[in-house]
Amino acid sequence: MFKDNKKFIYIFCGIFALVIAIQFYKPKETNWTRTYLNKNKTPFGCFAIYNLMEKGYSGSFKTNNQTLYNLNGLQKKKASLVIVNDKIDFNKNDMRSLFEFLNAGNTVFIAVNSFHGALADTFHLRTELDYADYFISIDSLIKKDGVKIKLKASNYKKQAFSYSRIATSGYFKSFDTTRFNVSGDMGRNKACFISTKIGKGKLYLMTMPDVFGNYFIVNNPNRQLAYALLSIIKNDELIWDEYYKTYNITSYSFIKFILESDALYTAYLLIIFILILYMIFEGRRRQRAIPVVATPTNSTLEFVNVVSHVYYNSKNHQSIAAEKIKYFYETIRRKFHVNTNQINDEFLNEITDLSGIERKLVRQLFIFCEKLKEPIEINENELVELNRQIYNFNKNSLR
């Protein structure tokens, strides 16, 4: 499409590079997306707590990037699995694997805003989030007081951890009180941290995953709450889950990678816009003008007319008569399937029967033809008479 239009390629590449450079070097806005990924350094990524866990909270530490079913098959010693995300939606197979993992004496800590699927159905979990300040600016949310979390552990009863409105304030509106104990709340009977024993293991559920976000870990006094929670679930091996994340990086596509980068996304839109403009104004197919070819004419009649005039102007009537008789005899042989070498009574009778013309006229025609075949001088009247008789014969013949 860009053939013979190299200037457009240069202009396009220049604009493309300029847009990427501007987007890349301009001041970046803070990304407040709640990804909870271990490699994400944004306010609600988990880079800080992940590295702290790896260095100081267990003798053995690893990252899980597979289902609970596969994790069970590889696990050989007691471990604590930590799942931090905005939501959790286990299916029935996940729940069977979860119970198997817990019955083996392991610990599972799940910190999410909302519980769905088989996990919520099994334990009758229902959470509620406060969206009252959803449309307030980030700066206002940071400065505005939010919830206070208290743990039920004896060594933390007198301590409250205050969080601003930037943290999602979720709590358990209902849960299976026959199985779970409240290990932490926000006051007013709003439980945000519950626990239960299943088999030989323990299950901890929490509704505020923001506690583990970088914003509340790096240079923030509330990091003590995250440390306290990790000390509760401490085990032989600590496992940080990345499989059940909403923003699981293993599921990223090339398009998703582009859309999440401001520079690449702007350049992507620019490419589409320029291509559309090019197709509208310069994209039509270029080719040489197609010449107008005249319709072929039938020159057969012209040729015949020229040849006939040559014969006529030469006054060679005998030659014209010979050609005329030769063509007539050829027609007789083709139509009547007879031999024209001998013109006798048997021949004339056969032609008469097949053509349906009177024998007298047939005899007169062929005798006249035989006469004109001889090398004698023929005048114009005789040539005209020959043409008349042949014409009448062809016109009146049944074949």
If Gly356 meets every condition in (1) crowded, with 17+ Cβ neighbours inside 10 Å; (2) within 14 Å of Phe393 (Cβ to Cβ); (3) touching a residue at least 24 places away in the same chain (Cβ under 8 Å) apart from one, which number is that one?
(1)
Which members of segment 368-383 meet the condition of being over 16 Å from Tyr327 (Cα atoms) and aliphatic (A, V, I, L, M)?
Ile376, Ile378
Odd one out for Ile351 among (1) assigned to a helix (DSSP H, G or I); (2) farther than 28 Å from Asn381 by Cβ:
(2)
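Quick grid of which residues meet (1) farther than 30 Å from Pro221 by Cβ; (2) out of contact with any Asp or Glu (no Cβ under 9 Å at 6 or more places or on another chain); (3) in contact (Cβ under 8 Å) with a residue 40 or more places away in the chain; (4) not aromatic (Phe, Trp, Tyr):
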| site | (1), (2), (3), (4) |
| --- | --- |
| Gly59 | no, no, yes, yes |
| Ser80 | no, no, yes, yes |
| Val84 | no, no, yes, yes |
| Phe101 | yes, yes, yes, no |
| Phe109 | no, yes, yes, no |
| Leu119 | yes, no, no, yes |
| His124 | yes, no, yes, yes |
| Ser169 | no, no, yes, yes |
Which numbered condition in (1) within 23 Å of Leu98 (Cα to Cα); (2) free of Cβ contacts under 8 Å to residues at least 40 places away in the same chain; (3) assigned to a strand (DSSP E or B) is the only one that Gly146 fails?
(1)
Could you tell me whether Gly213 is assigned by TED's automatic domain parsing to the domain that holds Phe90, at pLDDT 90 or above, small (Gly, Ala, Ser) and more than 20 Å from Ala120 (Cβ to Cβ)?
yes
It is to be established whether one or more residues within segment 189-208 are exposed (fewer than 12 other Cβ atoms within 10 Å of the Cβ), assigned to a loop (DSSP other than H, G, I, E, B) and at positive phi.
yes
I'm trying to understand the selection: among the residues of segment 142-164, which are under 13 Å from Phe216 (Cβ atoms), crowded, with 16+ Cβ neighbours inside 10 Å and not polar (S, T, N, Q)?
Gly146, Val147, Ile149, Phe161, Tyr163
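With the requirement that a residue be in a helix (DSSP H, G or I) and farther than 14 Å from Ile83 by Cβ, what does segment 209-223 give you?
Of everything in segment 209-223, those that are in a helix (DSSP H, G or I) and farther than 14 Å from Ile83 by Cβ turn out to be Asp210, Asn214, Tyr215, Phe216, Arg223.
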When segment 167-188 is examined, which residues are found to be assigned to a loop (DSSP other than H, G, I, E, B) and either touching a helix residue (DSSP H, G or I) at 6+ places or on another chain (Cβ under 7 Å) or of a type outside the set (Val, Ile, Thr) (or both)?
Ala167, Thr168, Ser169, Phe175, Asp176, Arg179, Phe180, Met186, Gly187, Arg188
Test Asn394 against the stated conditions and say whether it is touching a residue at least 40 places away in the same chain (Cβ under 8 Å) and surrounded by 10 or more Cβ atoms within 10 Å (Cβ to Cβ).
yes
Kindly check whether there is at least one residue in segment 143-165 that is among the acidic types (Asp, Glu) and either in contact with a Pro (Cβ under 7 Å, 6 or more places away or on another chain) or farther than 23 Å from Gly199 by Cβ (or both).
yes
Exactly one of Ile376, Ile367, Ile343 is surrounded by fewer than 14 Cβ atoms within 10 Å (Cβ to Cβ), in a loop (DSSP other than H, G, I, E, B) and of a type in the set (Val, Ile, Thr), and that one is Ile376
Could you check Ile325 against (1) farther than 22 Å from Val304 by Cα; (2) among the β-branched types (Val, Ile, Thr); (3) in contact (Cβ under 8 Å) with a residue 40 or more places away in the chain and say which number it fails?
(1)
Suppose the filter is at positive phi and surrounded by 14 or more Cβ atoms within 10 Å (Cβ to Cβ); does Gly213 pass it?
no
What is the residue count in segment 151-166 for residues that are outside any loop (DSSP other than H, G, I, E, B) and over 53 Å from the mean Cα position of the chain (by Cα)?
3
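The values are calculated or read from the model by the stated rules, or taken from the named source; none is laboratory data. Note that this is a predicted model, so its numbers are computed, not measured. Every residue, glycine as well, gets a Cβ built from its backbone with ideal geometry; the counts of neighbours run over all protein chains shown.
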